[in-house]
Each structure stands twice: as structure tokens, then as C-alpha cells.
Amino acid sequence: MLAAPGGLGVGVEDVVIHDPEDPPDAHPGDLVLVIGARGRSASGAIRAAGRSGAAAVAVKNGSAVVNVAADAGIALIEVGHEARWEQVEALARGVVDAARAGGEADSGEVLGDLFSLAQTIATLTGGLVSIEDTASRVLAYSRAGDEVDELRRLSILGREGPERYLAMLREWGVYQRLRAGEGIVRIDERPDLGIRRRIAAGIHAGSQPLGTIWVQEGAHPLTESAEVALLGASRALAPQLIRHRTLPSPELRLREDLLAGLLDGRVDAESVADDIGADPGKPAMVLAFSLPRDRAATDRQLRRAELVHLITVHTAAYRRSALVSVIGGRVYALLPDLPEHADAPILALAKEIVGTAQRHLDVRVRAALGGVVPRLSDAAASRGDADRVLATMARGHETADVASLADVRAEVLLSEVLAFLGEQPRIRDPRLTELRAHDAEHGGILVPAVLAYLDAFGDVRRAARELNIHPNTVRYRVRRAGEVSGIDLDDPAQRVLTQLLLRL
């Protein structure tokens, strides 16, 4: 999205393809895909779409016509040059059709997918399916005939379970069993209460409940594989409900896109500052937060969404114009309009965020402070600093959960020197390459001994303690490494080079 003069709340009614050689044929609410022209050659089609009241226009090389779209008062979407238009049309039309099916304009893509899945589950189980969230609100349901019981009828009409029936299900322990974990819960038929036989399964992300799938038996018995199909469906639905729960509002998405665009150079600092009410000429800083990757993807997504909310609240309290966004699995926070000497209060803010997150999310959170940059346009440099600090922390060079570049500067600079050496084979010493190759073939004992010896400034006993071997063994291995490679560790220059290159 390169331009949205009317905001992100403009409705899309249909998807149409326009070839600039054909007469304009767009209507209000259309998403117009301009094929056969890209960049400035699509200007005429964009103006025509704007005059027709179309919702948006999609073109390739759209960055060349941002001003044209803005003047025409129409949203502009850029399509990647390698994308095929028939695929773009199918994707866009699928989202619009799904929104119609779900009947929810603000989250049609997610709910449309849920309605489709509900119908698939109904086919596999032979029953009538409804999908609810943890508050018993009906998110989607399958088609049904006259065999709907009173519980299902009232739930769908009211878009949530009727309290009288919910109270009975709670009393019978149904919800307790659904929340307890993965498995099928069976509810017997109760004609006196208007309840037919049904089976249900909880939807979970790790140990966290997300919702429930209900399958009511209709005019015919459920299929023999109904319970297996329901269990599989409960697992497959977890990512969908996470999307439903974590999908931000259009306004929040716009603010997230602003920060992402600023940090990767797609949006200029003046435009961002104007939108958030900040001074582009004042100092700014970027904070980066990371979660461990040792949890299931669905669980990590939920915790990341909660972390975003937590960071948003804390940073907004510190700076009204703060922006928060998720980029590449990390959460970034931009703090503009900073006063002089802001490092100490921001460090305290980061520690407060991390401490609160770890208490409430029950997971280790790390935070890195980028450097304070003199103006908003340099925010990408601050983000780069924060990324370098997080990478150093991930390698175990910093045990604290919050760190700044000043805390790990030596480790960061060393890692960048090593990265440079790794990309420049011509400035490596071939003797050390030979030593590595020899050592790999003969037990890999010489290189660790040399590194431990150099790290200990030549203190053999200290190196021996580090390797848990006898000092004489260290002396022998260091001497043997010199014989194999021809490196003279008494020479300061060779000693420094050896220590750097063997760390690669």
C-alpha cells in the first residue's frame, strides 16, 4: 500500500481487470488491477479509476505514480514485478468473496476461511458444525437444514451461546474438559432440553485455549471417522483463531506499516513525523525485543501479539508519538522527540517492559537499545544497532535481558570484524586454513588449544583449566600447531591474526 487518501476503511466490493488500451469500466468500490502498463504509463488508468469512485488501483512499479494516485484521490497498491496478474486477481477475489461469506467487513478474510473450514469439517464428520471463541461467541458455522436443535439455533441467531444452555454445559463439566487439553468431549442427547447428541473439541495454542468446535448430530448418525476428523480440525484451526485474535485494526496496521516503512526506507521521515505528530529534526531511538524460538509457532504468535500490546502501552506512556511494529519476528519500538541524555530513562523503560512481560507471558524476553540518532531519518541506523546487540546477546555474550550497544560494543565490533573476514577469503592466512583442515582430520584438538592459549594471554595453566587438561598437554598442542602451520605465535602480528581467523 503506497497511498490511501481515504484511509484504510474504504470498502472493496469487487475486483476488476483494466487494460489501458480498453475504455475505462470501473465502478464505485472496485479494486482495479491495471495490466499492460506499469509506472507512469499507468497514470491515465489511475485517473480514470479515481473519477469512477473505485476503491483502489493496483499497478506494478507503483512508486512512480504515488502523486498521481494521491491527486486522483484513490488508494494505490504496488504489485511485485514478478507477480502474475491472474494469481493476484485470484488472491484478491478470494479475499473479497470470503468477506462476503463471513459477513464481517473488518475481518472477512479470517472469517471467510473459518466458514469454509466449518463446511469442510461438516462434510468429514457428517454433522452440523459451529466454531466459537473462548467467550462462546459464534465465529463461523456450516450450512444446515431442519435438523438444527434449539442450542444451535439460538447460538447462531444470537451469534453466541445462550446463557441458559451455557450454564448447563458448565454444570456438566463440558467446558472444564475442553479447556483441559486436546481430546474429544461427548455430550449425550437430551430431548427434554432441546439438545441433540454432539461432540466437541477445544482449540489450543500450547496450553492456552483459543476456542471450541461443536459438531451436532443431524438427521443421520455422525461418520465413523468423525472424532478423528474433529481432532485434526481442532489442530488445524489454531492458526486461524490466532489470526482472528491477533489481527490488528486498520488504524493499528497503518501505524505498524509506518514504522516498517521508515526502518526499511520506503517511507520518508517527514511523512511519518507528520502522521504521528513528531518533530523529524529531534533525536530518536529504536528498541528491539525478541522472544525465544523454542516454543510452538502458534504459542509464539500469541505471546508476540501480547508483547506488542504491552510494549505499545508502556512506550505510549513515555512518548505519545511512539510506534511499535513486528518485523521479521522481532518487535521494534520507535521513540521519537527524545530530550538530551535520554539513555538512562529509556534503559529503565526497557527493563520495566521486559520484567512485566516475563511475569505475565511466562517466557524470557530480551531487549536491545539502539543508539540515539540525531534525527528521525536516521532511525534505521538505530534499528541496526539494536539488531547487532540482540544478535550478540543471542550468542551468549551478554547474560542480562536488557543491553545497549555500549554494554556489548567489543563483542559487536569483533563479530563484525569476523563477518568481514569471513566474506574476504583473499585476506585469510592460508597457513591457518591448512591448520584447520589438518586438525579436522586428526581429532580437532590443536585449534581449541591454540585459542585457549591466546585467550589466556599465554598463561598455560589458565588455558589448561579452561580445557580441563594438563598444562604440558597445552604446551605440546600449541607447539604442534606451530609445526603443522608454520605460524610463529611469538610474533605479535601473527598472534593477533591467528586469534581472529581461528574464531571464524
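Here is how the numbers come out for the structure above:
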read-out: Angle in degrees between helix 409-423 and the longest Cα principal axis of the chain, rounded to the nearest 10; value: 90
read-out: Cα-based helix-to-principal-axis angle, 250-263 vs the chain, degrees rounded to 10; value: 20
read-out: Cα-only Debye scattering, segment 248-417: base-10 log of I(q)/I(0) at q = 0.10, 0.17, 0.19 Å⁻¹; value: -0.34, -1.02, -1.27
read-out: Degrees, to the nearest 10: 297-318 long Cα axis against longest axis of the chain; value: 80
read-out: Footprinting exposure proxy for Tyr453, Tyr175 (fewest neighbouring C-beta atoms within 10 Å first); value: Tyr175, Tyr453
read-out: Estimated vicinal HN-Hα couplings, Hz - segment 44-53 in sequence order (Karplus 6.51, -1.76, 1.60; Gly, Pro = x); value: x, 5, 5, 4, 5, 5, x, 5, 7, x
read-out: Ranked Arg480, Arg164, Arg152, criterion: other C-beta atoms within 10 Å, fewest first; value: Arg164, Arg480, Arg152
read-out: Reciprocal of mean inverse Cα separation for segment 14-101 (Kirkwood radius, Å); value: 12.7
read-out: Correct option for mean projected area of the Cα convex hull in nm² [calculated from the coordinates] among (1) 21.6; (2) 27.8; (3) 33.5; value: (3)
read-out: Cα gyration tensor of segment 105-245 - equivalent ellipsoid semi-axes, whole Å, descending; value: 20, 17, 16
read-out: Within the chain, percent of DSSP bridges classed antiparallel, to nearest 5; value: 70
read-out: For segment 428-502, radius of gyration divided by Kirkwood radius, i.e. Rg to Rh on alpha-carbons; value: 0.93
read-out: Highest to lowest packing among 436-444, 455-463, scored as the average C-beta count within 10 Å; value: 455-463, 436-444
read-out: Computed FRET value (nearest 0.05) for Val95 with Asp490, which takes r as the C-beta separation and R₀ as 60 Å; value: 0.30
read-out: Footprinting exposure proxy for Arg177, Arg196 (fewest neighbouring C-beta atoms within 10 Å first); value: Arg177, Arg196
read-out: Peptides 226-234, 385-393 ordered by average Cβ neighbours within 10 Å, highest first; value: 385-393, 226-234
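Coordinate-derived values only; no laboratory data. Not measured: the values here are computed from a predicted model. Reconstructed Cβ throughout: ideal geometry from the backbone, glycine too, with neighbour counts over all protein chains shown.
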